[in-house]
Amino acid sequence: MGSMVSADVLALPVRMHGIGLGRSVELIVDAGVRRVLGFEVRCGDDTHRFLPLAVARVRDAEIAVASPLPLLDELAFYRARGHGLGALRGARVADAGGEAGTLRDVVFEDDGAIRELVVATPAGERRIPPGAGVRVAARASAA
């Protein structure tokens, strides 16, 4: 499918040979916000599971898998090693020039590489390629 924005893939049905297994509800990215690890999927039994991007094929109207076996119950394991994109939305993004704005979304490739961070600025939306000088601050949780 080429480059994708998380908004294009969230809520897509996850199917195996046309049979519905669940819906994607969150994108899980690595701790450095450089790669998409996979999807959090709400399955038909209302259980949330992790689907690695490497075993999924994103198409126009679905996320296709060859087997239900890659839907892993170890969602907490992957969340501990990465972030849900929803929890990062609104986080401050800085680049070599300083404060760049707040994270809105990511543009990523089929292989999971994040090509651009979509950042909100007072002047409008800006797209920043991830790199060594780009940092996304973890949002503080509400206590």
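Brief remarks on what is shown
- Per residue value of the accessible surface for the chain (all protein chains in place, 1.4 Å probe), Å²: 52 Å²
- When Phe77, Phe39 are compared by accessible area of protein heavy atoms, the largest-first order is Phe77, Phe39, using a 1.4 Å probe.
- Its Cα centre serving as origin, the chain has a Cβ charge dipole (Lys and Arg +1, Asp and Glu -1) of approximately 280 debye.
- Counted over region 67-124 with a bin width of 10 Å, the fraction of Cα pairs per bin, in whole percents, is 19, 39, 29, 10, 3.
- Normalising the average separation of contacting C-alpha pairs (under 8 angstrom, six or more residues apart) by the number of residues puts the relative contact order of the chain at 23 percent.
- When the solvent-accessible area of the chain is split by element, carbon and sulfur atoms take up 53 percent of it, the probe being 1.4 Å.
- Counted over region 1-46 with a bin width of 10 Å, the fraction of Cα pairs per bin, in whole percents, is 26, 50, 22, 2.
- Where labels lie 7 Å past Cα in the beta-carbon direction, separation of Thr47 and Ile19 in nm: 1.6 nm
- The chain: Rg to Rh, with Rh as the Kirkwood radius over Cα pairs: 0.99
The values are calculated or read from the model by the stated rules, or taken from the named source; none is laboratory data. Model, not experiment: these values are computed from the prediction. Note: ideal-geometry Cβ built from the backbone for every residue, glycine included; neighbour counts use all protein chains shown. For accessibility, only protein heavy atoms count, side chains too; no ligands or nucleic acids. Shrake-Rupley method; radii C 1.70, N 1.55, O 1.52, S 1.80 Å.
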